[in-house]
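The values are calculated or read from the model by the stated rules, or taken from the named source; none is laboratory data. This is a predicted model, so every value here is computed, not measured. As a convention, Cβ positions derive from the backbone with ideal geometry for all residues, glycine included, and neighbour counts pool all protein chains shown.
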Amino acid sequence: MAVTTTQTNKPINPRGNDQSPKGYNRAALYSGKALDFDGVNDNISITEFVMTSGNKYSFCIYANRDNNGMIWSRNNQFLEISFTSGAVQLRTYDTGWNTYTLIDDVPANEWHQIVVTYDVDGNVWKSYLNGQYVKSVTAAESSQKKINRIGSAGGTFYDGEFANAKIFAVELTAAQVADLYNNPEKVVPTGVDNTALKLWLPMQEGAGTTAYDGSGNGNHGTISGATWTHGIGAPVSQTAVIDWNKGVNSFTYSEDFSNADWITIDVTKVSTSETDYIGGTTAANITWLAGSPRYFYQNIGVSGASTLSFYVKSNGGGNKFRLFGNGTLAMGSDMTATSEWVRYDFEFTGNASQGIGITQASDNSAADLLVCFAQVETNASIGPYIPTLATAQTSPVLLPQGLTTGRDITGVNLFENVRKQGALNLDGNSWAEVHDNASLDIGSTDDLTMELWINRLDTPAQTYSKWFDAGPNLTLNDTNYSMGSITTIDEVFVEWRTSSSGWIYTDTDVTFNKNEWTHLVVTIEMTGVNSSIKTYKNGVLSSTKSQTTERGTGGRTTIGRTRWNAARTMPDQIAQPRIYNRALTAEEVARNYNSGKAIYTNS
C-alpha cells in the first residue's frame, strides 16, 4: 500500500471521502498546518494589492470557520469579503456601504474552498464554494479597490482557521477553480501561467510570525496574534510526501569561501553554474594530488558538544575523503562522495582554539570534490533537514515546494534523497489515515504481514506513538515508553488488543540505528488463537516469538500515529507501508528488501 502524490491518488482529499478506484486503498494525509484566528485581534498583513481597470482577479482561500469574521479586506475598509451569519458577504464603499451575499451558507467546523473572482471594469463578482460555481453579482464600485489584510478590518476579526491563500491576476474559470479543488497538490491550475499567481501563502511554516509567499514575488505576510495548528487534513500541498526544509538558528559558514576565512590548499570558489546544496553558489572546489595529504580546514571557535553539517559532491575526479578535527584525524575510515549532493552530520567535541575540516583518504589518493559547510550547532545534534538559510526565520519552520521544481517557496533546494524515495516525511505532527475498505478487515484467526521502511529521525512527543496501526489486528511501535534517548538503537514491539480489551506486547528483539533506513517485516501465522510471530530486519529473520492470546478485529489503519490519539505521532520517514492477508515467506521478504534497498539508502 504505497502512498504517492500522483493526481489519480490524492492523499489529501478536502471532501474527506475516498474517490479511489475500486480495489485500491488510499490514505488521507493529516500533515497540513494552518493558522488559527481567535476572532479578537488576529490577522495577517500583506503587501497592498491594487486592482486596476482593464484587469480581472481571483481570490482563493481555504477556511474552517468557528464563527464569523473577515476574510479579505483593506485595513481602513472600502472593500471587504467576510463571513457574516454563516454566509460569504461582499461589501464595497463608494459614498456609502453596499452589501451583497456571494455564498448563502458555509457550514462551520468544516474545511471549505472559498473562491471569489472580480472583473474590475464590469464590477462583476463571481463566487465558488468547494469547486462549484455559486452566483454572479454586479456590485457598486469601491472607491478603494485594494487588499492588504487577511482576517481583519475595522475591528471585525475572523474566528477560525485559514490556509492556502492565493491571489491571481486573472479570472479563473469554473473549470480552473474545480481543478484547484480536486487537485489540492496543484499550486496553479491547468491553463493559467505561473506569472498570474501574485500571492500564495500556504501557511505551512508551523512556527514564527511570517507567512512566506510562494508566488516568487516576495509578498510575505506578517502574522499578528494567529497561532499555528498542526496535523490537519487541510487541502494544501502535502507536507509529508514532499520533503521540506527545516531552518535552524545557527552559525553558518556557507556564505563566503575566502582565503582569509579558511586555511586552504588548492581550494577555489566555484565559478561555474554549479550551485551548492542550500541554494547558493558558494560551494568550494577541493582538489589535491595523490601522495600529498592536504586538508580543507576552519577554526570554528566553538567549544563543547557540537555538530557540523556539510555537503559533499564528486566533481568528476577522485571522490574519497576523511574528516579532520581539533588537531587529530576525527574519522579514520574513508567516505565516498557521489555524483549527487550528500549530507553528513559530524558530531564532535569542539575546541575554541582549533577547528574541523576534510583531509585525504587513507591511501592518499587524488581527490576532486565540491564541498559546502552548511552550519555548526553547539551543544546539540541538529535535525535531519537541510537548513533554510535563504530566510530570516530564526526558529525551526517547514516550507513547501514552490513554483520551481525541487526548491521550497524561498528558493532553497529540497533534499533530493527523500524526493526520490517517495517517503512520508513526517514531522511529528503528521500522519496518514487509510480510508476504510473491506479488504483490510482481517479476521482474528487469519494470517497477516505488515511491512514498511523506516528512517528513525527523532523522539516522538508522546509515549505509545506508532509507525503502523492496523486496528486491533496489529500495531508496530518502538520501546520508547519512558521517552528515553534514541541516539543509538531502538527496539520494535508488536502489539495487539484482544477481544476482551486486553493489550498484548511482544518484544521482537529487533534493534536499529537512528538516521538509517531499516526494512521491517512482521509476519503472523495463526493456529486458532495461537500465533507465531516472525520479525525480519533488512531481509533477514531476526526473531520468532509466539503468543497464545486471541487477536481482536476491526479499527481503521493509520500510518505514523496511534489510531485513537492524534497527538501520538512519529517524527520519522516511513515508506512502502503494506498489509498482506497472509504470512510472507522468508524468500518473499528478502526479495522485497532487495528490490527496495537501492532506493532507501543511508548515504
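Worth pointing out:
- Count of residues meeting criterion [within 21 Å of Phe157 (Cβ to Cβ) and crowded, with 16+ Cβ neighbours inside 10 Å] in region 85-102: 8
- Among the residues of region 550-565, the one identified as touching a strand residue (DSSP E or B) at 6+ places or on another chain (Cβ under 9 Å) and surrounded by fewer than 15 Cβ atoms within 10 Å (Cβ to Cβ) is Trp564.
- When residues of region 566-596 are limited to those that are among the acidic types (Asp, Glu) and surrounded by fewer than 20 Cβ atoms within 10 Å (Cβ to Cβ), the one farthest from Glu433 (Cα to Cα): Glu587
- Check on Glu433, acidic (Asp, Glu), modelled with pLDDT of 75 or more and not assigned by TED's automatic domain parsing to the domain that holds Thr562: yes
- Exactly one residue among Arg578, Arg591, Arg551 is part of a loop (DSSP other than H, G, I, E, B) and closer than 25 Å to Ser532 by Cα, and that residue is Arg551.
- Every pair of residues 6+ apart whose Cβ atoms lie under 9 Å, when the first sits in region 47-71 and is free of Cβ contacts under 8 Å to residues at least 24 places away in the same chain and over 20 Å from Gly122 (Cβ atoms) while the second is of a type in the set (Lys, Arg) and in a loop (DSSP other than H, G, I, E, B): none
- All conditions but one from (1) in contact with a helix residue (DSSP H, G or I) (Cβ under 8 Å, 6 or more places away or on another chain); (2) modelled with pLDDT of 95 or more apply to Asn130; the one that does not is (2).
- Sole residue being of a type outside the set (Gly, Ala, Ser), under 25 Å from the mean Cα position of the chain (by Cα), modelled with pLDDT of 85 or more and surrounded by 19 or more Cβ atoms within 10 Å (Cβ to Cβ), chosen from Glu161, Glu205: Glu161
- The residue that is modelled with the highest pLDDT, counting only those in region 310-331 that are within 14 Å of Ala290 (Cα to Cα) and in a strand (DSSP E or B), is Lys320.
- Search result, residues across region 107-130 that are outside any strand (DSSP E or B) and surrounded by 18 or more Cβ atoms within 10 Å (Cβ to Cβ): Trp111, Asn130
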